[in-house]
1. What does the charge dipole of the chain about its Cα centre add up to, to the nearest 20 debye, if the Cβ of each Lys and Arg holds +1 and the Cβ of each Asp and Glu holds -1?
2. Pairwise over distinct Cα atoms, reciprocal of the mean inverse distance: report the Kirkwood radius of the chain in Å, one decimal place.
3. Trp35's amide H: which non-local residues (gap 5+, or another chain) put their own amide H closer than 5 Å, with H modeled 1.01 Å from N in plane and none for Pro or chain starts?
4. Enumerate the amide H contacts of Trp100 below 5 Å, restricted to partners 5 or more residues apart or on another chain; note that Pro and chain-start residues carry no placed amide H.
5. Indicate the helices, whole DSSP H runs only, in the chain that combine a mean Kyte-Doolittle hydropathy of 0.5 or more with a Cα extent along their long axis of 30 angstrom or more.
6. Compare the peptides 77-90, 191-204 by average per-residue count of other Cβ atoms within 10 angstrom and give them in order, highest first.
7. Which whole-number percent gives the relative contact order of segment 92-225, counting Cα pairs below 8 Å spaced six or more residues apart?
8. Taking the alpha-carbon centroid of each part, what is the distance from segment 128-164 to segment 84-101 in angstrom?
Amino acid sequence: MNQPKTSLAFLLVILVVLAYLFLNSSYFTAAALQWTGLVLLDGAQLDDFVDFQPTNVLYLDKGALQRRLEEHPWIEKATVRWTWPNHVEVMISERLPLAWVAYGDIIYVLDRSGALMAPPSQFSVLELPKVVNVDLTAQAQLKAAARVLAAVPPGMVGTFARWDGASRALVTKSGVEIIMGDMEDVEAKLLLLEELWQDLAAQGLDPAVIDLRVLKNPVVRLRQP
């Protein structure tokens, strides 16, 4: 009478042991993290940042890994996902560099939130516009610069050489001064600028100053021959 119960119990023990061995086998070991969304950052550097070691995906604390990654100054958001059987994909949203600022011999990069950070390694800040005449301790001035530069239409990205916080003006690489005035209607002013820029180019006109302080009454001053 007891033999079937004993056999069943023994079978259950065997199954539990086999399941334990299977779940703890190399079949579930993630040898590396799979990174997606990287533009400025490098996967090997992030491996070092989180000190990743091959690990069983069933014991991986995805929340802790995500929180650690979001401590990185250039990561805005990280999402960790496990796929069968041993793949760990990490989706990264990087911060958007908008401009660079010089403080003595130190270079900082301004992101769209108005934060200043050290530039990523092997990143050329000279491709970005420079922010001048701002107080680096005045968050409002940095946020204003970020708001303007983040609102630049895609078709005009790469056009500007600098943002002057004192005159509240953008200056193009060709030296055209775009006077923005106050921060009201910034997005609308830049959309209008794109239209004006295209119209002037179509007419072969060379502007020296485009004054957008009054949105409904922009003023264009042409270069003197």
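Derivation of every value follows stated rules applied to the coordinates shown; laboratory data play no part. Keep in mind that this is a model prediction, so the values were computed, not measured. Cβ placement follows ideal geometry from the backbone for every residue including glycine, while neighbour counts extend to all protein chains displayed.
1. Value, rounded to 20: 400 debye.
2. Working: mean 1/r = 0.0462 Å⁻¹.
Every distinct Cα pair counted, the radius reaches 21.7 Å.
3. Val90
4. Residues meeting the amide H criterion: Leu110, Lys130, Val131.
5. 2-23
6. Values: 77-90: 15.1, 191-204: 13.1.
Packing order, densest peptide first, comes out as 77-90, 191-204.
7. Details: 219 pairs, mean separation 21.5, N = 134.
Worked out over segment 92-225, it gives 16 percent.
8. 24 Å
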